[in-house]
Every structure is written in C-alpha cells, then in structure tokens.
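Have a look at the structure below, then the notes.
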Amino acid sequence: MSKKNDEYIQLPPLHRDTEGIAVRAIWEFTKLSDEERKRVHAELKAIVNKENVEKFEEPSDYRKIKSEEVKAFEETISSMIRDLVFEASDIACWVFAKKYVNGWTLEQMIEDMPHAFKFIVAMNTLFEQHMEPASEEEFKN
C-alpha cells in the first residue's frame, strides 16, 4: 500500500448475514499495520495447527504497543469470547433440558437444531459420562 493510500482501508465484500461482532473484529484486524497483521496471522495459524500451544508466551514486542492502540481490538475479542461462552452455555442448558426434562433422544435434538450438531453431540456425550441417574430416594428427599 502506498503512503498516499495508507489513510484509507476497505473491507472485502462480506456476506449480508455476517454478524456485527465478526465485522468489528475484521475491521480492527484490518486497521493493524502489515507487519502486525502478518504476526497475528502467523500466531493464529500456529494455534490452529496446535504448534507451541502449550508453551505460548506473550511476545516481548507486544509490550511496546501502547494500550490505547489495541484497546478496541481487545474489547472486540473480549466481546466475542463473552458471546461464545454465553452461546455455549445456552446450548448446553438446552441440551440438558431436552435430554433430561423432555426425554428427547440425540437424534431429536439434532433434528431440532442441526446447525449445532457437533456441539449437541459433545454435550450429550459429556452429560452421559458425568451425570448419574437419579435414584428413587433422591426424588423423595
């Protein structure tokens, strides 16, 4: 990008249904310098490929960046994590209620919410591994 065009950035075409929080994260990423984007991309790629995930340390050159410069990016990432935790908790509660309150089968849950197929299967498996059936005595107490 030439110096003349450094003051302007443009997002690529995005699908109309792209969530606002994702657009905001892309926007903040786009505002990073080329060098910073390459560094972030390399680290994300390493995490996805599970390279050095166990011994991840904050790079010392990040400490040189002023907090004001990354505040919007931090807020966006925090918001995304909060939303992911909320959605995961919501679906986990939904799976619990459908399975143990309504008596649905795994197939019924997947049929009702096919877009969450993997999560439903995972939660169903966890519940089956860690939930003990209630005894008659527990219901009486």
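The values are calculated or read from the model by the stated rules, or taken from the named source; none is laboratory data. Everything numeric here is computed off the predicted structure, so don't read it as measured data. So basically every Cβ, Gly included, is an ideal-geometry build from the backbone, and we count neighbours across all protein chains shown.
A single member of Glu35, Glu43 is modelled with pLDDT under 85 and out of contact with any Phe, Trp or Tyr (no Cβ under 6 Å at 6 or more places or on another chain), and it is Glu43. Restricting attention to region 46-69, the residues being modelled with pLDDT of 75 or more, assigned to a helix (DSSP H, G or I) and exposed (fewer than 10 other Cβ atoms within 10 Å of the Cβ) number 2.
Tell me which residues, restricted to region 17-34, are among the charged types (D, E, K, R), under 19 Å from Glu68 (Cβ atoms) and either in a helix (DSSP H, G or I) or under 19 Å from the mean Cα position of the chain (by Cα) (or both).
Just the residues of region 17-34 that are among the charged types (D, E, K, R), to begin with: 17, 19, 24, 28, 31, 34.
This time we only want the ones that are under 19 Å from Glu68 (Cβ atoms), so: 24, 28, 31.
The answer is Arg24, Glu28.
The test for being surrounded by 11 or more Cβ atoms within 10 Å (Cβ to Cβ), in a helix (DSSP H, G or I), touching a Leu at 6+ places or on another chain (Cβ under 8 Å) and at pLDDT 80 or above does not hold for Ile77.
This table checks each residue for (1) in a helix (DSSP H, G or I); (2) of a type in the set (Val, Ile, Thr); (3) modelled with pLDDT under 90; (4) surrounded by 14 or more Cβ atoms within 10 Å (Cβ to Cβ).
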| residue | (1), (2), (3), (4) |
| --- | --- |
| Leu84 | yes, no, yes, no |
| Glu87 | yes, no, yes, no |
| Cys93 | yes, no, no, no |
| Phe96 | yes, no, no, yes |
| Gly103 | no, no, no, no |
| Gln108 | yes, no, no, no |
| Val121 | yes, yes, no, yes |
| Thr125 | yes, yes, no, no |
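Whenever a residue of region 20-39 is of a type in the set (Phe, Trp, Tyr), its partners that are exposed (fewer than 15 other Cβ atoms within 10 Å of the Cβ), lying with C-beta atoms within less than 8 angstrom and at least six residues away or across chains, give the pairs Trp27/Leu11; Phe29/Arg37; Phe29/Val40.
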